[in-house]
Each structure stands twice: as C-alpha cells, then as structure tokens.
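Encoded as structure tokens, the structure appears first; notes follow it.
The values are calculated or read from the model by the stated rules, or taken from the named source; none is laboratory data. Being a predicted model, the structure only gives us computed values, none of them experimental. Cβ coordinates were reconstructed from backbone atoms using ideal geometry, including for glycine residues, and neighbour counts include every protein chain displayed.
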Amino acid sequence: MTDVKTKKSKYQFKAETKKLLDILVHSLYTHKEIFLRELISNASDAMDKIRFESNKGTDFRDKDLPLEINVHADKDKKILYIEDAGIGMTRDELVKNIGTIAKSGSEEFLKLVAEHKEDANNIIGRFGIGFYSVFMVANKVVIKTQSFLKDEPAMKWESDGLGSYIIETLGEDKKRGTTIEIHLKDDMDEYTEKYRLESIVKKHSSFISYPVKVENEVVNTMQAIWREPKSAVKKEQYVEFYKFLTYDTDEPLEIIHTSVDAPIQFNALLFIPKRNMDVFGFNNREDYGLDLYVRRVLIQHKNKDLLPEYLSFVKGVVDSEDLPLNISRETLQENIIFTKIANSVTSQVLSHLTKMAEKKPDKYKDFWTAHGKYFKLGYTDYANQEKFMKLLRFNSSECKDENELVSLEDYVKRMKDKQKEIYYVLGNSRAAVNLDPHLEIFKRKGIEVLYLYEPLDEFVLTSLLKYKDYEFKSVDQADLKKVDKLKDIEEKKDEIEKLSKDDELQFSSLMSRIKEILGDKITEVKESTRLLNSPAVLVNPENSISSSMQKIMNITGQTQSIPKKIMEINKDHKLIRNLIKIYKNNPKDEYISTVAEQLYESALLLEGFLTDPHEMVNRINSLLENSSDWYTAVKKL
C-alpha cells in the first residue's frame, strides 16, 4: 500500500526470503556481537563515499559535518543508536541497498542449503546482506537517512525482519547521513552497556579510519599503520602496535611491513617475536594466525590460512580491498584471490628471513633459537622447499660448542673431495653424540657430521631426501666403502702392533664365539672398519631403518621389540686383544661370555634400546669386584 501524503510504502518479503532471514539470524553467525561490526563497517563505507564526492568537487549538503561514527544507547527504551555522517540514501537506494535481500537470489541459496550441496558459510558471501545480522539482537530496526543530494528528502526504513518492511518520506530534512535505531530484544540488554559496546568496537573496529565514539568518547585510538608508507611510520609506532596486538612486554625481534599492488592489492604488517610465545611447546597449536582486515575492518581474528603452520610464530595483520567475503565475515570463500594473498605473504616472510640470515646472522641465530622448533615443520611445504632448506640450521661436529649453528650451504662448502652425502647423527646432547662410536670413522676422516638433538630433525632430513645433489644419510646407515675411500686426516695415535696370522684366525674364531654367546640377539658379528677408540658397536643391517626411527616406533607403541643388529668388533682395541689371549687359552672361558654380554648391553644403552638395566648393573658390580681383587693383588695392598 502507499500513503500519498507521507509517501509511505509497504513491501512484502517473499516466502523464501523469510526462510533466508531465519537462517541468517539463527544459524549463520557464531557471535551475535558481529552485528555491531557490520553496521560500523557500513557506516565507514558511507563516509568513504562522501569523502570521494568531496574530492571530486561535488556540491552536497552539510559539508562541514565531521566524518565520525557515534554509538549510544537509551537504556530505558532499550534502543541502540548508530549514527554516521556519510553519503546517506535516497528512497531508491534504500530499496536497492537495504532491500537487496528481497532480490538476492535467495531461492537459489535455499535450494543449495536444502540439498546440502555446499556449506552455507562457503556460499553465503554471494548474497551481500550483512546488514541483516542486526536482527540477531533486534525485534525492530528503524533507519533514518538523509542523502547528500540537496534535493532529496529524508527517508525512513522500518522492519521487524519477519514479513515486510516499510519505507516512507520523513516530514522534515535531517543532517546528512544515516541513523540506525536498534530496538533490542528482551535478553539483549548487554548492548546498552557502554563497557560492552567499547569492547566490541576495540575488538573488531579499532582501525576504522574515522573516529568511532561510544557515548561521545572516541574508542578507536589506534592508527592502521600498516596502510601508511614505511617511511612515515616510526619505530615507536610499530612497537606500540605490536604490544597492542600481542600483549607482549618485549619489542619484536623483527618487523615486516609490506604493500603489494599487483596482481593482488594488500598491505601486511608482520612481527617476529623475540621469544617463543607458546610456553607449552606444541600443545597450544590453535592459538595462532594473522588478523584479516578488509578496509581496516577486522574480518577474522587469527586466520590460520594466511600462513602455513610452520610460520605460526609470526604475528600481525593483513588488509586487502580485493577479497570477496561471506555474509558473516567470519569465514572466507575459497577463492584464488585469497590463495594468492596467502602465497605472497608466505613468500614475503621467507624472503625476509633469508635476508636476515645473510645480513644479520647473529639476529637470525636469535630467531632460530626462539622459533626453529616450529620452523622445521616446513619440510612439508614443497612449494617453498628451496627457500626453506636454505634457512635450516643445525649444530655439527665442526662447531666449537652446542650453541654454534651451520647451514646446509656451510656444510656443502666444507665437504671433502669426492664426498657425495651429507651425514647426520641423532642424540640427546652434544656430549652424548660425541661419544657415539658410529662417529669414530668420520672423526678419523675429518668428515663433518650434522648433530640432531630432536627426533623431528631426522623427519625433516629424511623427508627432504637431499640438498642440491647430496643425499642425507644417517651415520649408522652410511656406506663405509664410500667413507673409507676418503683420506684420513693427520692424527697422532699410538702405533698398534698388527696381529699375527695365528691371532687373526683366533680373532675370527672369537667373533664366532661371541655370536654363539649372544645368539638371536644379533644377526652377525664382524670386524669393524669404523671404530677407533671403542671396542664394539651395534649397526643396522643394510636397507633397514635408522636407529632413531626404530626408537620413535618404540616410543609410539608401533613395536616394543629390540631390533636385531650387527655387532662390529674393533680388533685393535686393548680389550679385544686381551679377549683373543683369553680365547686362545680357553675358548669356553666364562669371562668371554661376561664381556660379550656387557659389550652388547653397553651398545644397547648407547643406542637407547636397553629397557631393563638390572642385569647389566649386576654384571658391572661383579666385574668391579673382581677387578678390585686383581688390583689389590698387583699393588700388593
């Protein structure tokens, strides 16, 4: 119907539109407070438009009105007001902009939802009706708006969001802009409280480019510095914003401020904290992500898709004009624009880290100490694998202590002539690794070995397979024929008398005796070419998994068995030479059995597979007791 005097028109929503409204109000939004963000965002857009008209030189009403947004409430009447001094709307624009829902393809939307062909959150963005989130908290909404055009009358729009809406001409002009009266539902009193309104604005709309006042006090005092040229932003501003964003008391270790115009436009302000902010290690994996803005409006807090998980230590914001959004602004459509932004942000971070590693190695070392544990997870990022590998750092046998780090490129530059593999060893600490018998041949040859202290390190290297043309190889899986071809480095050592032919035969028989004693605990006993200072070592049979991988399988419960390995014997070790003498005298001497069991369990202990040390401890105590008798006899005490 139409009232000629007031030019009052009533519009009926279509049946499918009523269903769509019900979905929007009751199903789509996770948090009802989002309505305020939506309306403030719309108000900001309206003022952007009037600013554009002003810059064009357009003549319009109320040119001196301050561009600001006012939020205030009448507690007694339970009405929340949101006012802006934007471009305003005509009757036709009200129908087009606010009444879009009546002709937005809602029938198609309902069909898709009913058939469960697509998730509502992924398709709702096609319909552009964020304003209607207000009906989550309102039983009636009144819009009073005055267009910037001087000849247009002020208009009023009113609806309960159920069956219809009314548009009428107001009897008198009002100041340019729009006022939204939100008549709150009975259980929505919280949205008349100043503290509640302030908290919502600070959370979602802190960086709107116009003042947002709550009960006449400006709430959004932080500047969206990521949109400013880097040359115009002082370090103090960066630090202030970082602390505001993260609640960290320290300054950031590094700041990455970038603006990209093509092919996709976005601004990013990213920070690398000085310390690992996840005090529980990998236990707090949900608390990460970048804040996603569109035109200074927070769309999603801690978006986890802008950066891969291995860069989750990075804090900051990304802001773009180009992103298509769904109605709730809480989830994004899967689209090529967002993917390109995410890929670009990742590339920007990796490039910045590369420059830091090259030009500020001491700072990069600080970064690695704080965040290397997370960064190593990037071994699954195949698209950026080359950049990732250049940024990896490890301790190695060439380092002066456990704090020094080397890159894979450092290692390759120091490789021996004809060395074709990058060797590594896994251990609990540098001191433990240095005692590993597997390393003795590498020390003798002067071959650098990477020291890995966490199981994840081996996953990284085995997944990467190789760096440049050099394969990664665990020392306990190394092909000793390749290693033995490399020259020994000059090393002072005692001359060791060669065994006679008879003793060589006795040594061979001794190895058979040791195999007989240990039985199925090992696969074979053979002479070692890798040992220099140790009497024996356990090594993996060819084509088996590494010892560290075997331990991980034990820890995760995939197996509880002790792996059967090869025992290698160093015939030049004094203990083995003495065993040869004992064997020559009596092949069945009980001492040979005792020593064989002890060598085996000592090797198991070093490998990390000795689960029950009781027998070993008792054996050691017995050996110590006997040796004390021999010692006192020799010393004639």
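Conditions (1) within 29 Å of L532 (Cα to Cα); (2) in a helix (DSSP H, G or I); (3) over 28 Å from the mean Cα position of the chain (by Cα), marked per residue:
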site	(1), (2), (3)
L377	no, yes, no
N384	no, yes, no
K387	no, yes, no
K400	yes, no, yes
D417	yes, no, yes
V425	yes, no, no
L439	yes, yes, yes
K443	yes, yes, yes
Y451	yes, no, no
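Looking for whichever is under 30 Å from F367 (Cα atoms) and without any contact (Cβ under 8 Å) to a residue 60 or more places away in the chain here; the options are Y242, Y247. Which one fits?
Answer to the check: Y247.
Consider segment 498-517. How many of its residues are of a type in the set (K, R) and in contact (Cβ under 8 Å) with a residue 60 or more places away in the chain? Number satisfying all stated conditions: 1.
Scan segment 203-212 and give yes if some residue there is out of contact with any Cys (no Cβ under 8 Å at 6 or more places or on another chain) and without any contact (Cβ under 8 Å) to a residue 40 or more places away in the chain, otherwise no. So far as segment 203-212 goes, no, none of its residues is out of contact with any Cys (no Cβ under 8 Å at 6 or more places or on another chain) and without any contact (Cβ under 8 Å) to a residue 40 or more places away in the chain.
Can you confirm whether segment 229-242 contains a residue that is among the β-branched types (V, I, T) and within 28 Å of D76 (Cα to Cα)? No, that holds for no residue.
In segment 164-183, is there at least one residue being at pLDDT below 90, outside any loop (DSSP other than H, G, I, E, B) and either assigned by TED's automatic domain parsing to the domain that holds E321 or buried (at least 17 other Cβ atoms within 10 Å of the Cβ) (or both)? Please lay out each step first, then the result.
Initially, segment 164-183 is screened for residues at pLDDT below 90, giving 164-165, 171-173.
Next, from what is left, pick out any that are outside any loop (DSSP other than H, G, I, E, B): 164-165.
Next, from what is left, pick out any that are either assigned by TED's automatic domain parsing to the domain that holds E321 or buried (at least 17 other Cβ atoms within 10 Å of the Cβ) (or both): 165.
Yes, some residue in segment 164-183 is at pLDDT below 90, outside any loop (DSSP other than H, G, I, E, B) and either assigned by TED's automatic domain parsing to the domain that holds E321 or buried (at least 17 other Cβ atoms within 10 Å of the Cβ) (or both).
Report yes if some residue within segment 53-69 is at negative phi, of a type outside the set (G, A, S), part of a strand (DSSP E or B) and out of contact with any His (no Cβ under 8 Å at 6 or more places or on another chain); otherwise report no. Yes; the residues of segment 53-69 include at least one that is at negative phi, of a type outside the set (G, A, S), part of a strand (DSSP E or B) and out of contact with any His (no Cβ under 8 Å at 6 or more places or on another chain). For segment 1-60, filtered to residues that are farther than 20 Å from T90 by Cα and small (G, A, S), the residue that is modelled with the highest pLDDT is G57. Within segment 484-500, at least one residue is part of a helix (DSSP H, G or I) and within 24 Å of D417 (Cβ to Cβ).
Just one residue in the set L306, L245, L269, L298 is modelled with pLDDT of 95 or more and either within 30 Å of K49 (Cα to Cα) or assigned to a loop (DSSP other than H, G, I, E, B) (or both); that residue is L269.
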